[in-house]
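*Asks:* Take this structure first; my questions come after.
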2 protein chains.
Amino acid sequence: MESETFTVLFEPDGRRVKTSYGFSVLQAAKKAGVSLRSECGGRGVCGKCKVIIKDIGAVNKITEIEKKYISGEEANLGYRLACQTKIYGNLTVVIPQESRLKIRRIQVEGLEKPIRLNPTVKKFHLKLLKPSLSDIKPDLERVFEALPKQNLKGNRFRIDYDVLKGLPEILRRRDWDITVTVWGSNKIIDVESGDTLDRLFGFAVDVGTSKIVGHLVDLNTGETVNVKALENPQVEYGEDILSRLTFAISDKGNLETLQRLVVDAVNRLIAEACEDAKISPSHIYELVVVGNTAMHHLFLAVQPKYVTLSPFTPAVKDEINFRAKELNLNMNRGGIVTFLPLIAGFIGSDALADLLVTGLYKLKKLSLLMDIGTNTEIMLGNFKEILACSCASGPTMEGCHHKDGLKAVGGAIERLGIESNYEVWYKTIGDVKPVGLCGSAIIDVVAEMFKCGIIDNRGRFNPNIKTRRLRGNSVKEFVIVWGSETATGMDITVTQKDIDEVLLAKAAIFTGCSILMKRENVRVKDIEKVFVAGNFGNYINLENAKILGLIPDIPNEKVTFVGNAAISGAKMALVSRRVRRVAEALSKKVRYLELTVDPDFNKEFIDAMFIPHKDLDRFPSVKQLLQS
Amino acid sequence: MESETFTVLFEPDGRRVKTSYGFSVLQAAKKAGVSLRSECGGRGVCGKCKVIIKDIGAVNKITEIEKKYISGEEANLGYRLACQTKIYGNLTVVIPQESRLKIRRIQVEGLEKPIRLNPTVKKFHLKLLKPSLSDIKPDLERVFEALPKQNLKGNRFRIDYDVLKGLPEILRRRDWDITVTVWGSNKIIDVESGDTLDRLFGFAVDVGTSKIVGHLVDLNTGETVNVKALENPQVEYGEDILSRLTFAISDKGNLETLQRLVVDAVNRLIAEACEDAKISPSHIYELVVVGNTAMHHLFLAVQPKYVTLSPFTPAVKDEINFRAKELNLNMNRGGIVTFLPLIAGFIGSDALADLLVTGLYKLKKLSLLMDIGTNTEIMLGNFKEILACSCASGPTMEGCHHKDGLKAVGGAIERLGIESNYEVWYKTIGDVKPVGLCGSAIIDVVAEMFKCGIIDNRGRFNPNIKTRRLRGNSVKEFVIVWGSETATGMDITVTQKDIDEVLLAKAAIFTGCSILMKRENVRVKDIEKVFVAGNFGNYINLENAKILGLIPDIPNEKVTFVGNAAISGAKMALVSRRVRRVAEALSKKVRYLELTVDPDFNKEFIDAMFIPHKDLDRFPSVKQLLQS
């Protein structure tokens, strides 16, 4: 019976998913990609994942835990907690409005791949023999002897000095019944009284130039328990990488200031995620961080000066492990911080994470991977070889352009179109009154203005267009939404400067793509797949991205959006030692191309400043559209 | 020619020593055991080791360095710096009074054994290839690649996080010419610009219950560069171990208070030793510490509560390594602190160091080792097995009894005798007016008073003795030195309380010896050697020690005084990795006997409260003396 599979239908989405006997409805919902709230990761302590079960015979009986959150009236209507409801047969589940996830503006999740759980940090519950006058072994020896030794490989166990200090009391608090946390093969990082096997968490962090995203992960299940995100507070010292690095190296203490900002932000993410999930930060034993090379050096306060000067060598690119307390990170005192390895130049472990998630490095045929953000990484390759470059694309493509508000749950325009009469339609996140434009809408607005002739192929406004939306004399702007319709009462507009910024960004990105292809002697038709990662990923209008000339002119079916793959890759490394070995190998394998010293860079960049490109033949589908 | 050996005669001592071509006079003086000042360890920067060379043809010419310290007039008289003078032939050297070592009251040195240099910390001078656009390896990888890898044993190099932070600047400061300091097989703890191979130092520390002794050691030569000592500032919280432990566990924060005191003291020793020798503390890369179990737990601030409760198990006894910065020790920031392994109960790494120095663990025949101090450790055994116990003997036997003043260079009575007319003769350290009694004189005074009948075999004053030196009615005291002869103008006396303390201490020590012998079924005549270590070692009067009943009645020629062997053993571990492996094996091999739970303890102790013992047959030579 246990090998049977059942089908679960989720309404109102209408999505079906196959699942096995005994799986929870929450697990099925995740597999189906259905939006369902859960703040505790399925531990039965938040009560947010309420669903309505239509076939009560196909699930377990309501549990005592559920009765705390579900009223008698709700129970009569079939309400249950998804995390506590086990699937015993085919089933229809209705997700009520109040249990739907509120949509966040920033992409905090990426494509997730199933992975075998084998985290670097493990817990062992041990019952030790008490010392006696005939057995006077020291406390620590007693612990060492009881631990499994298969992973030692000739090494010895070692214990964190702070853990050792309190060891005698902890061993005796519950009569020599303890739980030992071991990192790697031999490093004891925590010893607790009693059985705490169920409290084993990790935290994955993507330190982006603009945003910092953190995922709290249950290392017993691999499930993400909670997700938090913040603007990178370093933006105070510059939106782009180079201004921040310039600040960091300009005066003593600046580097530490930037480090402090990002560490404080990560501490805030940890605190918020733990509070929501009712988990103590002391049960987070490892923090896996990804970021580009600049973010890496700034996070670690490693001198970044020579990353900015030719030949742009980082101080270190191998995986780094150090103690959480060395950075005052708000987690277990003996916990370990792991920064995944970098590739080269500004291409960091975020790009490496993209490779892990997409599996590009395993594919036979050539693929292109673009991780679009304030800094954009591009990789081209397959199982044999991978070539990579990075471009400073600026913050334009990422997040909201006009107004900020990372934690707001709605109001950003995520999609729009301009009719032939120059009227604009749009859709906001959360279907509320608009406050500004999302990254995806930024692409739409320039592409749409170009399609209907409001701007020319160099992005200049056409003064002959007759619509009151185009206003101003010497300095023109186009009104996207009238103040009467916005949440703020102010018009939402696009200026020449806005358009120029978009063109600069897309030109930088496209230049990276075309130089990589040139160096590898690859044409667009040779590319089997394009993976697009980044903070707008899921909402981008592919046609408009091609019209703008942001991505190569490739059939839609070859394109896969992978969202924030960086954080997904960090989580993979958090839960799997094998993935870390792959990451390490990849870090050495990927070859790096320094774009700024490429002889074709300037010409390619200037040609790419046109919409879609100076050479229309490189965008045949757009050429056809324009001619039709 | 270089294989020739020469004889050097040191005057006025009249000691001769064989030495090889090119050795320095300072090295020869050390080998001869001649007292010669040298504050910089032979580096030519203190100018204290002035000697007069009688055969100028048998040495090198005066160097530029020497001319800084030796006037023209002195040069004419044959004055030279011993450290700069190389021996090319047979030679007579006169050591002038001003170059003689001042005698310290506390024993800061012990028996030294020649040992092959192979310290755990090593330096490598490397010249790296600069990065270029065709060679963009990260900085750290460049360092790793250039380091010798023979000791890696499958591990990887690791770098201290703080060292990594500044690595890029250091590599480029002298054009990729660097010196890397590696601890153990793979731990990079420092990277410096340029060639600093000659600045590689270690510090050995003996944390005694009463005194802390520190030796600054040049790890390139194994030579002791400077020696410093201090009273253990923890005495403020109790002279004996148990009062300090009771304080430590009685309230939160007390443990850290005691730790802070000893760490501050060690920092002071380091600072003073380095200042004298003109060495930067940042060139001290390893600190090797020895101490008994209580001092160990207090130094590390590891919960010592269960060391005081049956079955008296320590938290840890293996060698511990941790970073100097975790304790804020004033040495290289990446430096390592190593506490040598303990044995069991209160028998710590100081006792283990005694074993290393005496080589008892290698001897075929049975030997007894007594390390007499505030806490006394006793070991009995040979190459096959060793049994050990510890006794709380109190501070009476150690250092000065009446007055304190650890850094005073003279004035303590180190030897005395009482004539049949009850008159007292004495000898002070430095031959100056007396201020008090040394540990060795304390033994003398009780033994001598017993011999001439001033006290009986229970230590009671004989009221019938006719001398004005015995004074007082109900509370009696014996005047050792009249105020007219002392430096202070006050009489130096011995009271009943003083005598009782000596008897308690010697009874505790002798009880340890006799119970060990009983358990091993050993009689005094079976013992081939007795090693006596401790702070009075070199000055003790063996006959009086036997009359007092402090040590078993054994022929004088079988007794060897080894001084402060604890610090010598710590230095052996500092300069030799092999010695550390031996220490580790010994820590596991020595069996521990808990005296306080031994069924014979009380009776043995009471019997030992007599002078020399209740059972005179156990001291046949004393019995004979008394009957003669």
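*Asks:* Could you say which residue among A:LEU550, A:LEU542 is in contact with a Phe, Trp or Tyr (Cβ under 8 Å, 6 or more places away or on another chain), within 30 Å of A:THR428 (Cβ to Cβ) and in the same structural domain as A:MET379 (by TED's automatic domain parsing)?
*Replies:* Step by step, each of A:LEU550, A:LEU542 is checked, and only A:LEU550 is in contact with a Phe, Trp or Tyr (Cβ under 8 Å, 6 or more places away or on another chain), within 30 Å of A:THR428 (Cβ to Cβ) and in the same structural domain as A:MET379 (by TED's automatic domain parsing).
*Asks:* In the set A:ASP240, A:ASP195, which member is surrounded by fewer than 20 Cβ atoms within 10 Å (Cβ to Cβ), under 30 Å from A:LYS127 (Cβ atoms), in contact (Cβ under 8 Å) with a residue 24 or more places away in the chain and touching a strand residue (DSSP E or B) at 6+ places or on another chain (Cβ under 8 Å)?
*Replies:* That would be A:ASP195, the only listed residue that is surrounded by fewer than 20 Cβ atoms within 10 Å (Cβ to Cβ), under 30 Å from A:LYS127 (Cβ atoms), in contact (Cβ under 8 Å) with a residue 24 or more places away in the chain and touching a strand residue (DSSP E or B) at 6+ places or on another chain (Cβ under 8 Å).
*Asks:* Among the residues of the stretch B:567-594, how many are more than 14 Å from every other protein chain (Cβ to nearest Cβ) and either out of contact with any Leu (no Cβ under 9 Å at 6 or more places or on another chain) or in a strand (DSSP E or B) (or both)?
*Replies:* Selection size over the stretch B:567-594: 7.
*Asks:* Same structure again: Step by step: first the residues of the stretch A:424-447, then only those that are over 13 Å from A:VAL502 (Cα atoms) and part of a helix (DSSP H, G or I), then the one that is farthest from the chain's Cα centre (by Cα). Which residue is that?
*Replies:* If we take residues in the stretch A:424-447 being over 13 Å from A:VAL502 (Cα atoms) and part of a helix (DSSP H, G or I), then A:ASP431 is farthest from the chain's Cα centre (by Cα).
*Asks:* Let me spell it out: the conditions are (1) in a helix (DSSP H, G or I); (2) more than 10 Å from chain A (Cβ to nearest Cβ), and B:ASN332 meets all of them except one. Which number is the exception?
*Replies:* Unmet condition: (1).
*Asks:* Next question. Among the listed residues A:PHE144, A:PHE124, which satisfies the condition of being assigned to a strand (DSSP E or B), surrounded by 15 or more Cβ atoms within 10 Å (Cβ to Cβ) and more than 8 Å from chain B (Cβ to nearest Cβ)?
*Replies:* Answer to the check: A:PHE124.
*Asks:* Which of the residues belonging to the stretch B:501-516 are within 15 Å of B:THR596 (Cβ to Cβ) and under 22 Å from the mean Cα position of the chain (by Cα)?
*Replies:* B:ILE509 - this is the single residue of the stretch B:501-516 that is within 15 Å of B:THR596 (Cβ to Cβ) and under 22 Å from the mean Cα position of the chain (by Cα).
*Asks:* Further question: Give the residue that is farthest from the other protein chains (Cβ to nearest Cβ), with candidates limited to residues of the stretch B:278-289 that are outside any helix (DSSP H, G or I) and not aliphatic (A, V, I, L, M).
*Replies:* By that ranking, first place goes to B:LYS278.
*Asks:* In this structure, is A:ILE115 at pLDDT below 75 and touching a helix residue (DSSP H, G or I) at 6+ places or on another chain (Cβ under 6 Å)?
*Replies:* When the stated conditions are applied, A:ILE115 does not pass them.
*Asks:* Output the residues belonging to the stretch B:522-565 that are in a loop (DSSP other than H, G, I, E, B) and of a type in the set (Lys, Arg).
*Replies:* Hit for the stretch B:522-565 is B:ARG523, nothing else.
*Asks:* Let me ask something else. Using the structure shown, decide if B:SER514 is small (Gly, Ala, Ser), over 17 Å from B:GLY417 (Cα atoms) and free of Cβ contacts under 8 Å to residues at least 12 places away in the same chain.
*Replies:* For B:SER514, the condition - small (Gly, Ala, Ser), over 17 Å from B:GLY417 (Cα atoms) and free of Cβ contacts under 8 Å to residues at least 12 places away in the same chain - is not met.
*Asks:* Yes or no: A:ILE554 surrounded by fewer than 19 Cβ atoms within 10 Å (Cβ to Cβ), within 30 Å of A:MET449 (Cα to Cα) and more than 20 Å from the chain's Cα centre (by Cα)?
*Replies:* So A:ILE554 fits the description; yes.
*Asks:* Within the set of pairs 6 or more residues apart or between chains, which connect a residue that is in the same structural domain as B:LEU91 (by TED's automatic domain parsing) and aromatic (Phe, Trp, Tyr) inside the stretch B:21-33 to a residue that is surrounded by fewer than 18 Cβ atoms within 10 Å (Cβ to Cβ) and assigned to a helix (DSSP H, G or I) with Cβ atoms less than 9 Å apart?
*Replies:* Short answer, once both residue conditions are applied: B:PHE23/B:LYS31.
*Asks:* Sticking with this structure for a sec: Is there any pair linking a residue in the stretch A:244-257 that is under 14 Å from B:GLU169 (Cβ atoms) to one that is outside any helix (DSSP H, G or I), with Cβ under 7 Å and at least six apart or on different chains, and which?
*Replies:* A:ALA248/A:PRO304; A:ILE249/A:PRO304; A:LEU255/A:ALA301
*Asks:* Same structure again: Out of A:LYS497, A:LYS466, I need the residue that is in a helix (DSSP H, G or I), out of contact with any Leu (no Cβ under 6 Å at 6 or more places or on another chain) and surrounded by fewer than 17 Cβ atoms within 10 Å (Cβ to Cβ). Which one?
*Replies:* A:LYS497
*Asks:* Can you go through A:GLU169, A:GLU231 and tell me which one is at pLDDT below 95 and among the acidic types (Asp, Glu)?
*Replies:* A:GLU231 is the lone residue from the list that is at pLDDT below 95 and among the acidic types (Asp, Glu).
*Asks:* Testing B:LYS558 on (1) closer than 23 Å to B:ILE386 by Cβ; (2) touching a residue at least 40 places away in the same chain (Cβ under 8 Å), one condition comes back false. Which one is that?
*Replies:* Status for B:LYS558: all satisfied but (2).
*Asks:* B:GLU66 is checked against (1) out of contact with any helix residue (DSSP H, G or I) (no Cβ under 7 Å at 6 or more places or on another chain); (2) within 27 Å of B:LEU216 (Cα to Cα); (3) not in a helix (DSSP H, G or I) and fails just one. What number does that condition carry?
*Replies:* (3)
*Asks:* Out of B:VAL93, B:VAL34, which single residue is buried (at least 18 other Cβ atoms within 10 Å of the Cβ), aliphatic (A, V, I, L, M) and in a strand (DSSP E or B)?
*Replies:* B:VAL93
*Asks:* Being at the interface with chain A (Cβ under 7 Å from one of its Cβ atoms) and in a loop (DSSP other than H, G, I, E, B) is the filter here; which residues of the stretch B:290-311 pass it?
*Replies:* B:ALA301, B:VAL302, B:GLN303, B:SER310, B:PRO311
*Asks:* Related question: Could you grab me the full set of residues in the stretch A:148-189 that are within 12 Å of chain B (Cβ to nearest Cβ), acidic (Asp, Glu) and outside any helix (DSSP H, G or I)?
*Replies:* Listed by number, the list holds a single entry, A:ASP160.
*Asks:* Residue check: is A:ARG460 out of contact with any Phe, Trp or Tyr (no Cβ under 8 Å at 6 or more places or on another chain), in the same structural domain as A:ASP491 (by TED's automatic domain parsing) and either surrounded by 14 or more Cβ atoms within 10 Å (Cβ to Cβ) or not aliphatic (A, V, I, L, M) (or both)?
*Replies:* yes
*Asks:* Then there is this: Looking at the stretch B:349-368, is at least one residue within 24 Å of B:ASP553 (Cα to Cα), modelled with pLDDT of 95 or more and in a strand (DSSP E or B)?
*Replies:* yes
*Asks:* Scan the stretch A:340-392 for residues that are within 14 Å of chain B (Cβ to nearest Cβ), in contact with a helix residue (DSSP H, G or I) (Cβ under 6 Å, 6 or more places away or on another chain) and not hydrophobic (A, V, I, L, M, F, W, C) and jot them down.
*Replies:* A:PRO341, A:GLY348 - these are the residues of the stretch A:340-392 that are within 14 Å of chain B (Cβ to nearest Cβ), in contact with a helix residue (DSSP H, G or I) (Cβ under 6 Å, 6 or more places away or on another chain) and not hydrophobic (A, V, I, L, M, F, W, C).
The values are calculated or read from the model by the stated rules, or taken from the named source; none is laboratory data. In this text the structure is predicted, and so the values were computed from the model without any measurement. Positions of Cβ are backbone-derived with ideal geometry, glycine not excepted, and every protein chain shown enters the neighbour counts.
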